[in-house]
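The block underneath contains the structure these notes are about, expressed in structure tokens.
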Amino acid sequence: MTGYSTNMRVKLPVICAILEGITIILFAIFVRYDHETDARDWHHHVKNHSASDIENDFYYRYPSFQDVHTMIFIGFGFLMTFLKRYGFSSVAFNFLLAAFGLQWSTLIQGFFHGFHDGKIHIGVESMINADFCTGSILISFGAVLGKASPVQLLIMTLFEVTLFGINEFVILNVLEAKDAGGSMTIHTFGAYFGLVVSRVLYRPNLDKSRHKEGSVYHSDLFAMIGTIFLWMFWPSFNSAITAHGDDQHRTALNTYYSLAACTIATFSTSALLSGEGKLDMVHIQNAALAGGVAVGTSAEMMLTPFGSMIAGALAGIISTLGFKFLSPILDSKLKIQDTCGVHNLHGMPGVMAALIGALVASLATADIYGAGMSDVFPLIADGSRTAQSQAVYQALSLLVALGFAVFGGILVGFILKMPILGSPPDTQCFEDEIFWEVPEEDGGHGQMAVVNGDDMEKHTMA
Amino acid sequence: MTGYSTNMRVKLPVICAILEGITIILFAIFVRYDHETDARDWHHHVKNHSASDIENDFYYRYPSFQDVHTMIFIGFGFLMTFLKRYGFSSVAFNFLLAAFGLQWSTLIQGFFHGFHDGKIHIGVESMINADFCTGSILISFGAVLGKASPVQLLIMTLFEVTLFGINEFVILNVLEAKDAGGSMTIHTFGAYFGLVVSRVLYRPNLDKSRHKEGSVYHSDLFAMIGTIFLWMFWPSFNSAITAHGDDQHRTALNTYYSLAACTIATFSTSALLSGEGKLDMVHIQNAALAGGVAVGTSAEMMLTPFGSMIAGALAGIISTLGFKFLSPILDSKLKIQDTCGVHNLHGMPGVMAALIGALVASLATADIYGAGMSDVFPLIADGSRTAQSQAVYQALSLLVALGFAVFGGILVGFILKMPILGSPPDTQCFEDEIFWEVPEEDGGHGQMAVVNGDDMEKHTMA
Amino acid sequence: MTGYSTNMRVKLPVICAILEGITIILFAIFVRYDHETDARDWHHHVKNHSASDIENDFYYRYPSFQDVHTMIFIGFGFLMTFLKRYGFSSVAFNFLLAAFGLQWSTLIQGFFHGFHDGKIHIGVESMINADFCTGSILISFGAVLGKASPVQLLIMTLFEVTLFGINEFVILNVLEAKDAGGSMTIHTFGAYFGLVVSRVLYRPNLDKSRHKEGSVYHSDLFAMIGTIFLWMFWPSFNSAITAHGDDQHRTALNTYYSLAACTIATFSTSALLSGEGKLDMVHIQNAALAGGVAVGTSAEMMLTPFGSMIAGALAGIISTLGFKFLSPILDSKLKIQDTCGVHNLHGMPGVMAALIGALVASLATADIYGAGMSDVFPLIADGSRTAQSQAVYQALSLLVALGFAVFGGILVGFILKMPILGSPPDTQCFEDEIFWEVPEEDGGHGQMAVVNGDDMEKHTMA
């Protein structure tokens, strides 16, 4: 059933062994516990500063980390199980890419952010950042879902994580922009990178698999598990690496209200767009999340609760409109086959988030932020930037993210075209059977057999 | 297939736009960050009191908030997916109502509880309280599940949240009763409100849809996701807004043991009630949770672990008996069509919880509580009430909750009867197709098509 | 359809009532709040030590507890729903056994660990330990899944919890070995206990039910919910009861990287072992978790991140090989019918974890651990043991765990053979219908009915 090229027996083990082997060697050379994870260093710190164990960063951030972790592995993983015959690949390739991505990004981000005395020091904050980076990969994965082999996806992860790290370094460390929830570094970058890769990998004959691109009743319910976990834990996502205290608190609160308003806007727009006034599960599963993206840059700032709600409501409307009107155009005119509609959930809302971030930054005053300015805008606090110049750097960062996404996506897209990477044929897209040993079906024979006796069931089993 | 009245194309967007628009305007006028969420205020506090960021209420309560959030959106949402053809509506209307309800209740609860200097101040505690209020709405939703349009449900939410806020104000602030886990304010109120609404909306011809009221094998497994998340996180629910320290700790512990004992009691009662000794999934999905409700008022008190277990075991037995014997009577004699059996899970256990709360309050002594009395029973601690008078106020609060539920339910029930709200016809209850674009089915044709070729599948797709 | 012996109408209520009744009485006599849960004691402590409420152990451990709780009830429960016709039993018997096990283990562990002044004092740490113990039971449950009645399983739980408590006491208190994540006390003990029980209960005619032992498409997706939650929260599992501060932090971090490496190793080994280069869901669902077990003893130690990754990668390979080559041999030659392959996920990785723990302990030096030595290896810190002698005690503990598992398993296996316990017949294994009222099916008739009209559906309903 599967041709030579998609057989994973040699390719996948070889690529995994190489990637994991190199990663472990680099970890052995470069990666060390940070001073809150190391037995000697932390005890030294506690004794010298009369500190309490509760001040260990673990207690500030580990609950947020676990929420982010759940978004990455359950949220993204199950959101993509909406496809009727691609549930195994959706949740399991998501698992594979994220598990590799978080290791690789520990190294890449470590080289750029946490490199001291020739070593990368890691702890709960670097774990969150590593998970964040994989979020970007999984967004790109959504754009090519069903059309790439696991080997292609691992290669994409390898390069995209690396580009992510450089892009993030430019935005956060060179331009010193703020982007707590990563709407520029994660969502905008991940979405446009994936869209460009999808464009480069354009399949003119994808119609041969289109009948498998839809959902079935139960697959939409599995996808809702992903949606709801993403929606619930997005406040943790945006707040996970903000400063301790009011910053984490405020970021979570803003995101909570943005998402709530976004959900109402999504339901109403979805009903409005349908001729029969019926709701569309695709909108609910995706556009209702756009409110989390839309405040990803600004939720840390003094956005105000009603500001969050306006941002969220707009994002829900724009995202739903995108699914209805823009995605078909991207597909037919621009030859961008965006399986999960990441342009609507992550792309446009990410751009919107960057602009809102620039706007809110431009309004920062000492009166509003008080001593908290040093956490949110340290360069404004120390006088080296005005609020307006910070806003300019924020806007500039959006361009950087888009630039890295487009050029990176072109580069990586062409790499992924190498035939040896085992891309599935046009007739076998959105199909688990090409990569998985798939069991018999739920319905039909198997179930009747339970009623009618065992004979038929034995017959239908492999 | 759908008549004019249930078409949501105009109604749903209009009602959503009005509700969200008013909400945002009221937020802009009234809602502000509290002093732990505001950048200036928190930094001011930290500096003046040499405080640590770890003392921000976020770190005391945010993990509990996320557990409560999961119960509201995953727990309630998936618990109701047991219906074979109503999974989309169950999980997604749950999502819609909760997303609106938490915004509206921020305002209503804010006016009654957190109104200072003409502003409502919000933070993680108000977020928990907002989620709590939506729990009450979702309980009522369970009583009318499958028989109301989303517009009806949003109108119900609008009024019920408002009544919830008043009822809660009377119980907690006027009568100064204790109800940490909201067994009176959330469960009793939500259940009887929903039952009365269901009575007012009685459908004599519901038989035309009864064949769709049951579950199928997989829908029962989806429902178990809801059950287990509710069960696991109930200790967080009951403890989420109790006082810091021993109160949160003890409340979580008591709830943990109550639920464990309840589960054993539910399994045994379920087996006992069946002629063939077979277990019933409805009981496991619902009655095993009654232990969380049953200690919702008293878990904060010095209930003792074995006291919790007795309460939980009794609740499991009573709830299972209710499903077996009482629900059919409510339906046939009292004309109360309670789709999810909320009377058994939230109604009776809620009443029981209130009585246990009064009993345990009456036993409070300075010897048992020590200095902790001021957290649990401040009026006993400061001498303005005896334990016995506190118990009387606790019992009185139950009557208040029942009163608000019954009169509020009658009022709102009649409002919901307005034909323009798009109630589904008797033949289309428990049916997603009336409100959703529903994809092809999992089993049958679709699956055989994978085996037999693509022809049939193309045929069966829309 | 079911014979007398498997009818649960009398047996299950009787055994539940006896067990729960005895448990509640013993709780009433022996169990009390500990000093962080008790109102008087905690307030006394806060006042006398000018302590802060944030120092209550609740805030150190409750988020970890909830993650462990999720692993026990969602993780184990859904992991076992892979069987096509045993989903109800998998998730619900898991629920029953864990709910009883955590109560019983509170008593057993309390007698051995927390017994002061004739009372057992409980709080969040004992709750975690109680959940841990149930993990062991659920591992054993996995070995006999589908082949035992709930009454048999409750009897197994009663005895296994008791043996667990004694075994744990010997390992942790007598031998003073370290085993933070319970790889010896939970995984090794639980796995080999279950395997021995399965051997004693060997069914030569299990072929009559083998056709029901497989998965279907959707049941594999339900199982992935279990897998992913176990995988995500394993860092919390291993770190939940380690010392505050760097210990919890480091343990979580080590487990995170071990699991990530394990996942890559599992995918590559799975593809390599298949003739067609296709991945096998059984491997992904199970072997990808072996990395959490493999570092369960050593993750608390200064294992280093790359050490964790090597351990995880090896575990993934060994576990996948076990599923492919060893499980068939256990079944055909050793007459061990291991439904879930617990030998591969918990048995071998548990043994490996013990050996890694001994190795890493032997390498402990004052230079590496500094003042943190007293948390990780108190006997090395106070000079009463060398690192090498600690390693010997670690290795000895593995033998103790294996000894308790084998002899305990034999004893309990023979107890479970009593006919009155209602073991299902060979033709009815892996079948929910024997213990559950099972609704109609998803596919086939029911679904066509929605399309074709109501007549057929009514006909197929009970």
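The values are calculated or read from the model by the stated rules, or taken from the named source; none is laboratory data. All of these numbers come straight from a predicted model, not from anything done at the bench. Cβ: placed from backbone, ideal geometry, glycine included. Neighbour counts: every protein chain shown.
Within the range A:86-101, being assigned to a helix (DSSP H, G or I), touching a residue at least 24 places away in the same chain (Cβ under 8 Å) and aromatic (Phe, Trp, Tyr) holds for A:PHE88, A:PHE93, A:PHE100.
Pairs meeting the criteria (first residue in the range C:151-177 and on the phi > 0 side of the Ramachandran plot, second residue assigned to a loop (DSSP other than H, G, I, E, B), beta carbons under 9 Å, at least 6 apart or on different chains) are C:GLU176/C:ARG385. Restricting to the range B:262-287, give me the number of residues that are at the interface with another protein chain (Cβ under 8 Å from one of its Cβ atoms) and either in contact with a strand residue (DSSP E or B) (Cβ under 8 Å, 6 or more places away or on another chain) or farther than 19 Å from B:VAL351 by Cβ (or both). Qualifying residue count for the region: 15. Only one of B:PHE76, B:PHE82 is touching a residue at least 12 places away in the same chain (Cβ under 8 Å) and either within 19 Å of B:PHE233 (Cα to Cα) or surrounded by fewer than 24 Cβ atoms within 10 Å (Cβ to Cβ) (or both). Can you tell me which? Criteria check complete, one pass: B:PHE76. Out of B:VAL392, B:VAL406, one residue alone is at pLDDT 95 or above, over 30 Å from C:VAL46 (Cα atoms) and touching a helix residue (DSSP H, G or I) at 6+ places or on another chain (Cβ under 6 Å). It is B:VAL406.
For the range B:237-251, check the following and say yes or no: at least one residue is modelled with pLDDT of 95 or more, under 30 Å from C:PHE82 (Cβ atoms) and of a type in the set (Asp, Glu).
no
Of all residues in the range A:103-134, those that are acidic (Asp, Glu) and part of a helix (DSSP H, G or I) total 2. On inspection, C:ASP53 fails the criterion of being within 25 Å of B:TYR62 (Cβ to Cβ), among the charged types (D, E, K, R) and in contact with a helix residue (DSSP H, G or I) (Cβ under 6 Å, 6 or more places away or on another chain). Within the range C:86-98, the set of residues being out of contact with any strand residue (DSSP E or B) (no Cβ under 6 Å at 6 or more places or on another chain) and at the interface with another protein chain (Cβ under 8 Å from one of its Cβ atoms) comprises C:GLY87, C:VAL91, C:ALA92, C:PHE95, C:LEU96. All conditions in (1) outside any helix (DSSP H, G or I); (2) within 27 Å of A:GLY413 (Cβ to Cβ) hold for A:GLU300, with the sole exception of (2). Consider B:LEU221 carefully, then state whether it is of a type in the set (A, V, I, L, M, F, W, C) and more than 7 Å from chain C (Cβ to nearest Cβ). Answer is no for this residue.
The requirement of being more than 10 Å from chain B (Cβ to nearest Cβ), buried (at least 24 other Cβ atoms within 10 Å of the Cβ) and over 15 Å from the mean Cα position of the chain (by Cα) is not satisfied by C:PHE112. Selection within the range B:28-73: residues that are among the aliphatic types (A, V, I, L, M) and buried (at least 24 other Cβ atoms within 10 Å of the Cβ). The member of this set that is nearest to the chain's Cα centre (by Cα) is B:ILE72.
Restricting to the range C:365-390, count the residues that are over 29 Å from the mean Cα position of the chain (by Cα) and outside any helix (DSSP H, G or I). Adding up the residues that qualify gives 6. Checked against (1) part of a helix (DSSP H, G or I); (2) within 30 Å of A:VAL200 (Cα to Cα), A:TYR393 meets all criteria but (2).
Do the conditions hold for B:LEU221, that is, is it surrounded by fewer than 24 Cβ atoms within 10 Å (Cβ to Cβ) and more than 21 Å from B:GLY322 (Cα to Cα)? For B:LEU221, the condition - surrounded by fewer than 24 Cβ atoms within 10 Å (Cβ to Cβ) and more than 21 Å from B:GLY322 (Cα to Cα) - is not met. With respect to (1) of a type in the set (S, T, N, Q); (2) part of a helix (DSSP H, G or I); (3) within 30 Å of B:LYS335 (Cβ to Cβ), the lone exception for B:SER258 is condition (3).
When you look at C:GLY316, is it assigned to a loop (DSSP other than H, G, I, E, B) and touching a Ser or Thr at 6+ places or on another chain (Cβ under 8 Å), yes or no?
The answer is no for C:GLY316.
Criterion applied to C:ALA28, C:ALA51, C:ALA99 was being at pLDDT below 95 and not aromatic (Phe, Trp, Tyr), and the one residue passing it is C:ALA51. Take C:THR255 and decide whether it is in contact with a Pro (Cβ under 7 Å, 6 or more places away or on another chain), more than 8 Å from chain A (Cβ to nearest Cβ) and either without any contact (Cβ under 8 Å) to a residue 24 or more places away in the chain or of a type outside the set (A, V, I, L, M, F, W, C) (or both). Taking the combined requirement at face value, the residue satisfies it. Within the range C:224-252, if we keep just the residues that are small (Gly, Ala, Ser) and touching a Phe, Trp or Tyr at 6+ places or on another chain (Cβ under 7 Å), the residue that is nearest to the other protein chains (Cβ to nearest Cβ) turns out to be C:GLY245.
I'd like the full set of residues that are hydrophobic (A, V, I, L, M, F, W, C), out of contact with any Cys (no Cβ under 6 Å at 6 or more places or on another chain) and closer than 30 Å to C:PRO424 by Cα, limited to the range C:162-192.
Quick first cut of the range C:162-192, residues hydrophobic (A, V, I, L, M, F, W, C) only: C:163-164, C:166, C:169-172, C:174-175, C:177, C:180, C:184, C:186, C:189, C:191.
Now drop any that are not out of contact with any Cys (no Cβ under 6 Å at 6 or more places or on another chain), which leaves C:163, C:166, C:169-172, C:174-175, C:177, C:180, C:184, C:186, C:189, C:191.
Across the range C:162-192, the qualifying residues are C:LEU163, C:ILE186, C:PHE189, C:ALA191.
Here is a yes/no grid of residues against (1) more than 14 Å from every other protein chain (Cβ to nearest Cβ); (2) surrounded by fewer than 24 Cβ atoms within 10 Å (Cβ to Cβ); (3) on the phi > 0 side of the Ramachandran plot:
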| residue | (1), (2), (3) |
| --- | --- |
| C:SER308 | no, no, no |
| C:LEU321 | no, yes, no |
| C:PHE325 | yes, yes, no |
| C:SER332 | yes, yes, no |
| C:VAL351 | yes, yes, no |
| C:GLY357 | yes, no, no |
| C:VAL360 | no, no, no |
| C:ALA371 | no, yes, no |
| C:LEU379 | yes, yes, no |
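Based on this model, can you work out whether B:GLY194 counts as modelled with pLDDT of 95 or more, over 30 Å from C:PRO13 (Cα atoms) and out of contact with any strand residue (DSSP E or B) (no Cβ under 8 Å at 6 or more places or on another chain)? Considered against the rule, which asks whether it is modelled with pLDDT of 95 or more, over 30 Å from C:PRO13 (Cα atoms) and out of contact with any strand residue (DSSP E or B) (no Cβ under 8 Å at 6 or more places or on another chain), B:GLY194 comes out as yes.
Residues are listed down the side, and each one gets a yes or a no for (1) within 12 Å of chain A (Cβ to nearest Cβ); (2) modelled with pLDDT of 95 or more; (3) part of a loop (DSSP other than H, G, I, E, B); (4) over 29 Å from the mean Cα position of the chain (by Cα):
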site: C:SER397; (1), (2), (3), (4): no, yes, no, no
site: C:GLY413; (1), (2), (3), (4): no, yes, no, no
site: C:THR427; (1), (2), (3), (4): yes, yes, no, no
site: C:MET448; (1), (2), (3), (4): yes, no, no, yes
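Among the residues of the range C:360-389, those identified as of a type in the set (S, T, N, Q) and either at pLDDT below 95 or over 20 Å from C:VAL295 (Cα atoms) (or both) are C:SER374, C:SER384, C:THR386, C:SER389.
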